[in-house]
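Comments concern the structure below.
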Amino acid sequence: MSHSTVETAPDAQADWPDGIYALLKQYSIRQVALVPDAGHSRLIKRCLGDNELRVVTLTTEEEGIALMQGAWLGGERSVMLMQSSGVGNCINMLSLSSIHRTPMPMIVTMRGDFGEFNPAQVAMGQATQAVLEAMGTLVHRADRPEDVLPTVEASLKLAFNTFRPTATLIGQRVLGAKTFGKD
Amino acid sequence: MLAPSGKIDRRELTRALLADRGGMLVIAGLGAPAWDITAIGDSPQNLPLWGGMGGAAMIGLGLALAQPSRRVLVLTGDGEMLMGIGSLATIAHQAPKNLAIVVQDNEHYGETGMQETATRHGTDLATMARGAGIKHTMLVTEAGDVPALVKAAREGDGPFFGVVKVDAGNKPLVLPPREGAILQARMREHLMGPQAHLA
Ligand SMILES: Cc1ncc(C[n+]2csc(CCOP(=O)(O)OP(=O)(O)O)c2C)c(N)n1
Ligand SMILES: [Mg+2]
């Protein structure tokens, strides 16, 4: 292993995190809710470096759903960045969007997916899409680096044009799976 | 201001918090707080919640960040606040000057049949808020302290977190509109005009 973090992080060469940052700006996002995931670390760094984006680090992902509700109520656009395990923490709070018809785009880095090493990630990872869809979220997957940006853009458009929760699931095929040296 | 029990009446407290409210926006936690703000007078400046238990304070945060020139009051119950207690750390971190949270602490889950909450057994929400990093907090048990609470919630530097011990008796139901799309759209229109619907 080249460094000591346990979670996966995209190849330093990958430029899609910068592309997502550019999309957040293009779509006038002002609040970025997140619980950190290694797969989002580069994007989080870009967001933190931007004074026009309010980065709200949450104690649990369901707070982010409620934050997005409040932001839209006040006329600002927001997104949430999280890992797939965080989707489970959002379930009941997602009803805020169906109650009020609120745009809630989510960008989810997958675990428990393609080549996972950690057994603890598998249950929620395999349930992520079903759980989101059960709560009325429109879900699109990106399993190749070149699919990430078009998929994130489509999810942002769908959320803000049709007033609902949407999610881009960025697959572990894109992110790479860390193996703790046990390849 | 007092119920027959000698404790603060939640509707009189709500009336005091909302009197001459000006531009203040109010998020009310599901159940009794939502009925309370509606009993005082339904308004586009109110978002009474029908669900999302545990989310009221965070909705207040998102709104306060989006509308920094408006005062935002979150009025909620002890049970609702306990469910979203971690959000106090998130709010302390963001430190919005225009956000106040007031908990109507009846020490029960009133809406579901008056089961006791943890605040009945020693949990002190104001201390938890201070521990979360919210510097301006207040615990009110006497009616005489309500005016100071109202002033802090309405004018003080936020984030402010107040807990008021209120009488546990149920009040008559006064229901707000049940269609959430209307509740959301009317507040957006209040803030942004008809343009809100073209965003
Ligand atoms: C996630 C979730 N769990 C449980 C409920 C049921 N429920 C509705 S209101 C309520 C109690 C609210 O208590 P509190 O916030 O103290 O308000 P009070 O009625 O006492 O003023 C509960 C448990 C719910 N609506 N959502
Ligand atoms: Mg209660």
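Within region B:80-123, count every residue that is part of a strand (DSSP E or B), under 18 Å from residue B:156 (Cα atoms) and not β-branched (Val, Ile, Thr).
2
Taken as a whole, the structure leaves residue B:60 outside the set of residues that are modelled with pLDDT of 95 or more, within 16 Å of ligand 2 (Cβ to nearest atom) and touching a strand residue (DSSP E or B) at 6+ places or on another chain (Cβ under 8 Å).
Residues in region A:159-178 that are farther than 23 Å from residue A:114 by Cβ, more than 13 Å from the chain's Cα centre (by Cα) and surrounded by 20 or more Cβ atoms within 10 Å (Cβ to Cβ): A:159 alone.
Residues in region B:163-181 that are surrounded by 14 or more Cβ atoms within 10 Å (Cβ to Cβ) and within 10 Å of chain A (Cβ to nearest Cβ): B:180, B:181. Scanning region B:93-123 for residues being away from ligand 1 (no atom under 15 Å from the Cβ) and touching a strand residue (DSSP E or B) at 6+ places or on another chain (Cβ under 9 Å) gives a total of 6. All conditions in (1) under 25 Å from residue B:157 (Cα atoms); (2) touching a strand residue (DSSP E or B) at 6+ places or on another chain (Cβ under 8 Å); (3) surrounded by fewer than 24 Cβ atoms within 10 Å (Cβ to Cβ); (4) not basic (Lys, Arg) hold for residue B:28, with the sole exception of (3).
Being at the interface with chain A (Cβ under 8 Å from one of its Cβ atoms), within 10 Å of ligand 1 (Cβ to nearest atom), surrounded by fewer than 19 Cβ atoms within 10 Å (Cβ to Cβ) and farther than 14 Å from residue B:23 by Cβ holds for only one residue in B:55, B:51, B:86, and it is B:51.
Screening the candidates A:76, A:62 for the property of being crowded, with 17+ Cβ neighbours inside 10 Å, within 14 Å of the chain's Cα centre (by Cα), within 14 Å of chain B (Cβ to nearest Cβ) and under 18 Å from residue B:90 (Cβ atoms) yields one hit, A:62. Cβ-Cβ contacts under 7 Å between residues 6 or more apart (or on different chains), taken from a first residue in region B:98-116 that is modelled with pLDDT under 95 to a second residue that is near ligand 2 (Cβ under 10 Å from one of its atoms), are listed as B:111/B:31; B:111/B:32.
The values are calculated or read from the model by the stated rules, or taken from the named source; none is laboratory data. Since we're looking at a predicted model, the values are computed, not measured. Cβ atoms come from the backbone with ideal geometry, glycine included; neighbour counts cover every protein chain shown.
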